[in-house]
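Input: a single structure, listed below in structure tokens.
The values are calculated or read from the model by the stated rules, or taken from the named source; none is laboratory data. The model shown is predicted, which means the values in this text are computed figures rather than measured ones. Positions of Cβ are generated from backbone atoms using ideal geometry, with glycine treated the same way; all protein chains shown enter the neighbour counts.
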Amino acid sequence: MIRLGIIGAGAIAAVHIDSFLQFGDLCEIVAVCDTFSEKAKALIAEKKLHAKAYSLVEDLLEQASVDAISICLPPYLHANIAIQALKAGKHVVVEKPMASSLEECDLMIKMAAEQDKLLCVVSQNRWKTPLSKIKRLMEEGYLGKVIHASFDSLWWRGGNYYDLWWRGTWEQEAGGCFTSHSVHYLDLMQMLFGMPKQVQGYINNVSHTNSECEDIGFAVFSYDDKVIDFTSSLVSHGEKQAIVIDGEKASVSMPFTVSAYDALPNGFPQQNKELEEMILRRYEELDSLPLEGHPAQLVNFLRAIGQQERLEVDGNEGRRTIELIHAVYKSAIEMKPVSLPLDKEDPFYSKSGLVGKMPKFFTKGKSVENFSTSKITLGRDFNA
Ligand SMILES: NC(=O)c1ccc[n+]([C@@H]2O[C@H](COP(=O)([O-])OP(=O)(O)OC[C@H]3O[C@@H](n4cnc5c(N)ncnc54)[C@H](O)[C@@H]3O)[C@@H](O)[C@H]2O)c1
């Protein structure tokens, strides 16, 4: 039985707890920690846990009775607490974004290796049925060689979203919509296509006046054999998230559509209905995932601790997404293309370098310690 500690008792902690509770045969939650101990106690009561509440992380980490921890803290604390926990001999799963800098990612990865403990980075969107089916279609060659893809990471947040004390600051949130929201689609991009050779980025803040960081941005990722365009937004009512993948034989998108054209003798298109129907049939016959989202990823973490499965998303995977984000920032600020990988001498490798270079679009004036509700609502729920 794996004994878990949850650090941070805010919005996402409830999702971690609900997920772990589905696997009562593998784990039990024995500790919950929050600087506001009343939040830890309230969560323990609400979820009916047999767990102890802590207000100091150090006190929780001293407990030999805790085998693994979930870090559900603001981004600027991820690296430091993960390193302390690994050093104390705990396995760690850390929420996205993995850390505030590549340097921090490297220190986390190093500590996990030295301590021979697992370091897992949350990227729950890898476990979504439509994505897994599209990945299979690509692997099975239905699209032909992929030459272009388009990622629309469109979200909407009110201006007061940034009133929460740690949000909207380079120091504490470590970035705007690219870091906090598009981290998900960037992770999917690098999972499907690997790392690009070059990045061109643009960022701005067009609406969120209580945030130093970007609320909109665009990037073009160049590979040897394909190009990917990426839109990141926090100002898009309706949040119509989409991925379009153009292969030489056919194009598919998520939410799922398929189109396939052949060329007429003059180069204009004619529809290849036979191929479209074949791809649709294959899409429909592929199995749905048994579990999706956080529960699917967190049970992989538990089973990897028990050595029943390979850990799907480790520190190296999480680091790649941070590298993409920081390359976009560097390109946007220096107004030129950036080649990957970023090297250790680059100012954008370290947090102090990044914070020193990034512009403050607005000065954060208003700051609250907690919102009255921590419920997370998502555009896709309204559009369903
Ligand atoms: N995977 C996802 O889809 C998803 C969704 C939402 C949030 N997140 C991520 O989860 C993390 C937390 O976000 P949230 O929305 O739950 O934030 P939150 O502010 O609601 O919760 C964070 C909690 O950490 C506590 N805290 C802060 N400093 C602490 C410390 N030193 N010791 C103990 N407790 C401390 C705060 O009091 C707060 O209760 C962020 O990294 C965020 O990006 C991920």
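What to note about this one:
- LYS366 meets the conditions (1) within 25 Å of GLY194 (Cα to Cα); (2) in contact (Cβ under 8 Å) with a residue 24 or more places away in the chain in every case but one. The failed one is (1).
- Scope the range 121-141; condition within 12 Å of the ligand (Cβ to nearest atom) and not in a loop (DSSP other than H, G, I, E, B); matching residues: VAL121, GLN124, ASN125, ARG126
- Residues satisfying the stated conditions in the range 27-65, i.e. in a loop (DSSP other than H, G, I, E, B), in contact with a strand residue (DSSP E or B) (Cβ under 9 Å, 6 or more places away or on another chain) and modelled with pLDDT of 95 or more: ASP34, LYS47, LEU49, HIS50, ALA51, SER55, LEU56
- Hey, TYR185 crowded, with 19+ Cβ neighbours inside 10 Å, closer than 18 Å to ARG126 by Cβ and either more than 18 Å from the chain's Cα centre (by Cα) or of a type in the set (Phe, Trp, Tyr) (or both) or not: yes
- Residue within the range 306-323 that is exposed (fewer than 15 other Cβ atoms within 10 Å of the Cβ) and charged (D, E, K, R) present: yes
- Strands (runs of 3 or more DSSP E) wholly inside the range 224-272 that include at least 2 residues being touching a Phe, Trp or Tyr at 6+ places or on another chain (Cβ under 7 Å) and surrounded by 11 or more Cβ atoms within 10 Å (Cβ to Cβ): 227-233, 269-271
- Scanning the range 331-384 for residues that are within 16 Å of the ligand (Cβ to nearest atom) and either among the polar types (S, T, N, Q) or surrounded by 15 or more Cβ atoms within 10 Å (Cβ to Cβ) (or both) yields LYS351, LYS364, SER367, ASN370, SER372, THR373, SER374, THR377, GLY379.
A quick yes/no check of all residues on (1) within 25 Å of the chain's Cα centre (by Cα); (2) more than 14 Å from the ligand (Cβ to nearest atom):
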residue	(1), (2)
ALA40	yes, no
LEU43	yes, no
LYS47	no, yes
HIS50	no, yes
SER55	no, no
ASP59	no, no
GLN63	no, yes
ALA68	yes, yes
CYS72	yes, no
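- Residue under evaluation LEU61, criteria (1) touching an Asp or Glu at 6+ places or on another chain (Cβ under 8 Å); (2) surrounded by 17 or more Cβ atoms within 10 Å (Cβ to Cβ), criterion not met: (1)
- In the range 213-239, the residues that are more than 19 Å from MET335 (Cα to Cα) and touching a Lys or Arg at 6+ places or on another chain (Cβ under 9 Å): TYR223, ASP224, ASP225, LYS226, LEU234, VAL235, GLU239
- All positions within the range 1-23 that are among the β-branched types (Val, Ile, Thr), part of a helix (DSSP H, G or I) and either on the phi > 0 side of the Ramachandran plot or surrounded by fewer than 21 Cβ atoms within 10 Å (Cβ to Cβ) (or both): ILE12, VAL15
- Filter result (within 28 Å of ASP225 (Cβ to Cβ), free of Cβ contacts under 8 Å to residues at least 12 places away in the same chain and not charged (D, E, K, R)) within the range 106-150: GLY141
- Any pair with Cβ under 7 angstrom, 6 or more apart, that starts in the range 44-69 at a residue that is closer than 21 Å to GLU95 by Cβ and ends at one that is β-branched (Val, Ile, Thr) and surrounded by fewer than 17 Cβ atoms within 10 Å (Cβ to Cβ): SER55/THR35
- Here the range 109-160 is the region considered, the condition is being among the polar types (S, T, N, Q), within 30 Å of VAL206 (Cβ to Cβ) and more than 15 Å from the chain's Cα centre (by Cα), and the residue that is surrounded by the most Cβ atoms within 10 Å (Cβ to Cβ) is SER150.
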